[in-house]
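For reference, the structure is listed below as structure tokens.
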Amino acid sequence: MSLQFIPTVWAARLLAALEKSLVYGQANVSNRDYEGEIREAGNTVKIASIGDVTIGDYEKDTDISAPEILTDSDQSLIIDQSKYFNFYVDSVDRAQQNVNVLDEAMRRSAWALREKADTYLAGIMDAAVPAGNKIGSIATPKVPTKDDAYEYLVDLGVLLDEANVPLDGRFVIVPAWYHGLLLKDERFVNAGTFQSDAALSNGQVGSAAGFRILKSNNVPNTTATKYKIIAGHSVATAYVEQVVDLQTYKPEKRFGDAVKGLHVYGAKVVRPTALAELIANKA
């Protein structure tokens with residue numbers, strides 16, 4: 001008996017699993033404003049913007065200046081990442097197992113795609129942080145302790161303040177060891193909520209110093225050193241994705257069912273000054 005398979009239903013399930021698992025790619029870290037309709041890898045999203053408007057002094061009974069011609073520019077967000085899965089379930093295995101093998105395989109596929117997309121997004125954000133918005137460097141990373149880990153978050157907040165980044169909706173993504181340091185500081189413990197709160201989004205472990213604190217094992221690092229702890233706002237990064245094809249089929253020379261799917265995505269930091277970064281080593 002062939003699997004009961006409806007491509008559109010499975011595609012929706014896969015995307016839901018991906019979005020639920022993402023940390024860097026979730027909606028309150030990267031925005032989906034330009035997602036629109038994506039059909040295949042290689043599509044390009046043009047993001048238009050205009051320059052600042054000049055403000056002049058008005059004097060009574062005096063002509064104002066001629067209207068200013070606004071300058072415009074655009075950025076290109078290219079959907080250049082293409083990842084696929086392709087797995088097979090033998091009819092004998094499916095008949096002998098009580099679990100839904102296909103459903104579990106789909107979950108694992110979503111988890112694996114999540115790792116790829118999250119790591120990609122973390123790298124895109126890291127590469128775009130302006131030099132003036134960084135605390136520490138590759139040559140001389142900071143070494144936070146339980147006494148000053150919270151203070152570094154405050155310093156990241158100041159950098160964002162100076163760049164006029166909105167206060168509401170700021171995030172910072174930390175590795176597990178940095179979260180451990182924060183848990184030893186009463187300022188963090190007394191300020192935020194914790195994982196037991198069902199309202200927290202995926203990866204969020206509390207809130208303090210004006211940030212939602214998210215924890216991820218995908219924080220960019222160099223062999224467990226020089227961790228790039230990124231803070232910012234969702235206006236900074238645009239992310240687009242789509243599962244463009246998902247098929248079930250029967251391999252000609254096998255008894256069983258196979259499923260393959262294609263996930264395409266791309267990202268662009270459109271407001272780099274809305275990101276800040278702490279480069280840090282473990283103590």
Q: Report, by residue number, each residue of segment 221-269 that is of a type in the set (Asp, Glu), closer than 24 Å to Tyr88 by Cβ and buried (at least 19 other Cβ atoms within 10 Å of the Cβ).
A: Asp257
Q. Looking only at residues in segment 17-68 that are outside any loop (DSSP other than H, G, I, E, B) and within 15 Å of the chain's Cα centre (by Cα), which one is farthest from Trp111 (Cα to Cα)?
A. Asn31
Q.
For segment 195-210: of the residues being of a type in the set (A, V, I, L, M, F, W, C) and closer than 18 Å to Lys146 by Cα, which is modelled with the highest pLDDT?
A. Ala209
Q) Does Val92 fit the bill of being without any contact (Cβ under 8 Å) to a residue 60 or more places away in the chain, more than 28 Å from Arg212 (Cα to Cα) and either in contact with a helix residue (DSSP H, G or I) (Cβ under 9 Å, 6 or more places away or on another chain) or not small (Gly, Ala, Ser) (or both)? A) no
Q) Out of Val269, Val264, which single residue is within 20 Å of Ala110 (Cβ to Cβ), under 20 Å from the mean Cα position of the chain (by Cα), at pLDDT 90 or above and among the β-branched types (Val, Ile, Thr)? A) Val264
Q | Restricting segment 250-279 to residues that are in a helix (DSSP H, G or I) and not β-branched (Val, Ile, Thr), the residue that is nearest to Ile47 (Cα to Cα) | A | Pro272
Q: State yes or no: is Val101 surrounded by 14 or more Cβ atoms within 10 Å (Cβ to Cβ), touching a helix residue (DSSP H, G or I) at 6+ places or on another chain (Cβ under 9 Å) and not hydroxyl-bearing (Ser, Thr, Tyr)?
A: yes
Q) Would you say Ala112 is under 23 Å from Ile173 (Cβ atoms) and either outside any strand (DSSP E or B) or at pLDDT 90 or above (or both)? A) yes
Q) Any idea how many residues of segment 235-263 are in contact (Cβ under 8 Å) with a residue 40 or more places away in the chain and either of a type in the set (Gly, Ala, Ser) or more than 30 Å from Val165 (Cβ to Cβ) (or both)? A) 19
Q: Select from segment 229-246 the residues that are of a type in the set (S, T, N, Q), out of contact with any helix residue (DSSP H, G or I) (no Cβ under 7 Å at 6 or more places or on another chain) and at pLDDT 90 or above and list them in ascending order.
A: Ser234
Q: Those residues that are within 20 Å of Ala267 (Cα to Cα), of a type in the set (Ser, Thr, Tyr) and either touching an Asp or Glu at 6+ places or on another chain (Cβ under 7 Å) or not in a strand (DSSP E or B) (or both), I need them from segment 220-238; list them, please.
A: Ser234
Q) Considering Asp93, Asp147, which residue is over 27 Å from the mean Cα position of the chain (by Cα), at pLDDT 90 or above and surrounded by fewer than 13 Cβ atoms within 10 Å (Cβ to Cβ)? A) Asp147
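The values are calculated or read from the model by the stated rules, or taken from the named source; none is laboratory data. Quantities reported herein were computed from a predicted structural model and do not represent experimental measurements. Using ideal geometry, Cβ is built from the backbone for each residue, glycine included, and neighbour counts are taken over all protein chains shown.
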